[in-house]
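K.L.:
Structure in structure tokens, see below.
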Amino acid sequence: MIEYKSPEEIELMRAAGIVVGTALAALREAAVPGVSTADLDEVARGVIYGAGATPSFLGYHGFPATICTSINSEIVHGIPSKDAVIRDGDVISIDCGAIVDGYHGDAAITVPVGEVTPDKLELLRVTEESLWHGMAAARLGGRLIDISRAIEAYIRSQPHPAGGTWGIVEEYVGHGIGTAMHQDPQVHNFVPPRAPKGPEIVKGLALAVEPMVNLGTRLTRVLEDGWTVVTKDGAVSAHFEHSFTVTDEGPWVLTDLDGGRERIAAIRSGSGVTASA
Ligand code: MG
Ligand code: MG
């Protein structure tokens, strides 16, 4: 069942989104060579509790940490550890969620650590840009599938740095969000065969969109810890996520500190210049 939010409830989600966006900004700065993922978890905890919010992930189905940290071939759901130290040339995906007055925000970034090779940087760019193209395709009166189609079309339109094919992960998808982190509907990052158009995009719908793209095969497996999802071929993966809603003024990116309107306007106008600083 889809939970449609009132404007007041969306404001609480914006407050949660700002906590998440602030934590991710701090984590981007903190993700330097020599730091452990447990150190990063500590940073996230400081920002979230410091803002009077609560982590969404800690204790979720038994998850033992505040953020998910997934390095290189890890796609999502990596568990922070003092033994997992990031090094020059790594990429690290950081997923963060926070609750304010019962409402969740959920977002993720993939960060280059030190000097990173151009193919990995291109993977990060394509994945992040596909997220923004997906959100930009969401219009009042449109359908959920518009988002999935835009994500996939953007990724497929971008040349692969090794002349191969981008691996769009299919097993993990975006979701509705509100009084729970994971709600209906699911938001695919591709158009499944014979996919229905999905629910209409209306005011009060809030979604977390989160494409995961691999440099190699789209296929995945889960490590023995029961959480960490990795690429089957060991190639590098990227993950970007935002929680957003659609208003009369267009998409409002609740977990982006600026609200994302300018970046979405740039995509819609076709200027193609959308990269954030
Ligand atoms: Mg997330
Ligand atoms: Mg999510």
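K.L.:
Could you tell me, in Å, what Rg and Dmax come out for the Cα atoms of the range 169-277?
P.N.:
15.9, 46
K.L.:
Note down the nm distance, to one decimal, between modelled labels 7 Å out along Cα→Cβ at S271 and at M1.
P.N.:
With each label placed 7 Å out from Cα toward Cβ, I get 4.4 nm.
K.L.:
Roughly speaking, what is the centre-to-centre gap between the range 120-136 and the range 154-189 when only Cα atoms are used, to the nearest Å?
P.N.:
Value for the Cα centre distance between the two parts: 10 Å.
K.L.:
Next up: Cross-chain or 8 or more residues apart, Cα under 28 Å: how many lysine pairs in the chain fit that? Count them up, please. Walk me through the intermediate numbers first.
P.N.:
Details: K5/K197; K5/K203; K82/K120; K82/K232; K120/K232.
So the count of such lysine pairs works out to 5.
K.L.:
Which order do Y154, Y49 take when ranked by solvent-accessible area (1.4 Å probe, heavy atoms of all protein chains), largest first? Working shown, then result.
P.N.:
Values: Y154 30, Y49 110 Å².
Descending order: Y49, Y154.
K.L.:
Treating only the Cβ atoms of Lys and Arg (+1) and Asp and Glu (-1) as charged, compute the dipole magnitude of the chain about its Cα centre; round to the nearest 20 debye.
P.N.:
On the way: 21 positive and 36 negative charges, 150 e Å.
It works out to roughly 720 debye.
K.L.:
Follow-up question, since we're still on this one. How large is the Kirkwood hydrodynamic radius of the chain, in angstrom, based on all distinct alpha carbon pairs?
P.N.:
Details: mean 1/r = 0.0542 Å⁻¹.
18.4 Å is the Kirkwood radius here.
K.L.:
Long-range amide H contacts for W252: which residues qualify at under 5 Å (H placed 1.01 Å from N, peptide plane, sequence gap of 5 or more or a different chain)?
P.N.:
Answer set, sorted by chain and number: T245, V246, T247.
K.L.:
Then there is this: Compute, for L257, the solvent-accessible surface of its heavy atoms (probe 1.4 Å) with the complete set of protein chains present, and express it in square angstrom to the nearest 10.
P.N.:
The accessible area comes out at roughly 90 Å².
K.L.:
For S81, list long-range residues whose amide hydrogen, built 1.01 Å from N in the peptide plane, is under 5 Å from its own amide hydrogen.
P.N.:
HN-HN under 5 Å from S81: T37, A38.
K.L.:
Using the alpha carbons of the range 1-85, what is the convex hull volume per residue in cubic angstrom, as a whole number?
P.N.:
Working: hull volume 9.9 nm³, N = 85.
Taking the convex hull of the Cα positions in the range 1-85, it is 116 Å³ per residue.
K.L.:
Which FRET efficiency value, to the nearest 0.05, is calculated for E29 and D119 with the Förster distance at 30 angstrom and r the Cβ-Cβ distance? It would help to have the intermediate numbers written out before the result.
P.N.:
Values: r = 24 Å, r/R0 = 0.81.
About 0.80, to the nearest 0.05.
K.L.:
While we're looking at this one, here's another question. Please list, in order along the range 137-151, the HN-Hα scalar couplings obtained from phi with the Karplus expression 6.51 cos²θ - 1.76 cosθ + 1.60 (θ = phi - 60°), rounded to whole Hz, x for Gly and Pro.
P.N.:
7, 7, 10, 4, x, x, 10, 4, 4, 4, 5, 4, 5, 5, 4
K.L.:
Apply the Karplus curve 6.51 cos²θ - 1.76 cosθ + 1.60, θ = phi - 60°, to the phi angles in the range 212-223 and return the couplings in whole Hz, x for Gly and Pro.
P.N.:
Each residue's phi maps through the Karplus curve to give 10, 10, 10, 5, x, 4, 6, 6, 10, 8, 9, 6 Hz.
K.L.:
Can I get the semi-axes of the range 92-165's equivalent ellipsoid? Compute them from the C-alpha gyration tensor as square roots of 5 times the eigenvalues, in angstrom, largest first.
P.N.:
Semi-axes from the Cα gyration tensor: 26, 21, 7 Å.
K.L.:
Residue-wise, which Karplus ³J(HN,Hα) couplings in Hz belong to the range 235-244, taking 6.51 cos²θ - 1.76 cosθ + 1.60, θ = phi - 60°, and x for glycine or proline?
P.N.:
My calculation for the range 235-244 gives 6, 6, 10, 10, 8, 10, 8, 9, 9, 8 Hz in order.
K.L.:
Which value, in Å², gives the accessible area per residue of the chain when a 1.4 Å probe is used on the protein heavy atoms? Working shown, then result.
P.N.:
On the way: 11620 Å² over 277 residues.
Solvent-accessible surface per residue comes out at 42 Å².
The values are calculated or read from the model by the stated rules, or taken from the named source; none is laboratory data. Predicted model, so just to flag it, every value in this text is computed and none were measured. Glycine gets a Cβ as well: all are built from the backbone with ideal geometry, and neighbour counts include every protein chain shown. Each accessible area value is taken on the protein alone, full model and side chains, heavy atoms only, with ligands, DNA and RNA left out. Shrake-Rupley method; radii C 1.70, N 1.55, O 1.52, S 1.80 Å.
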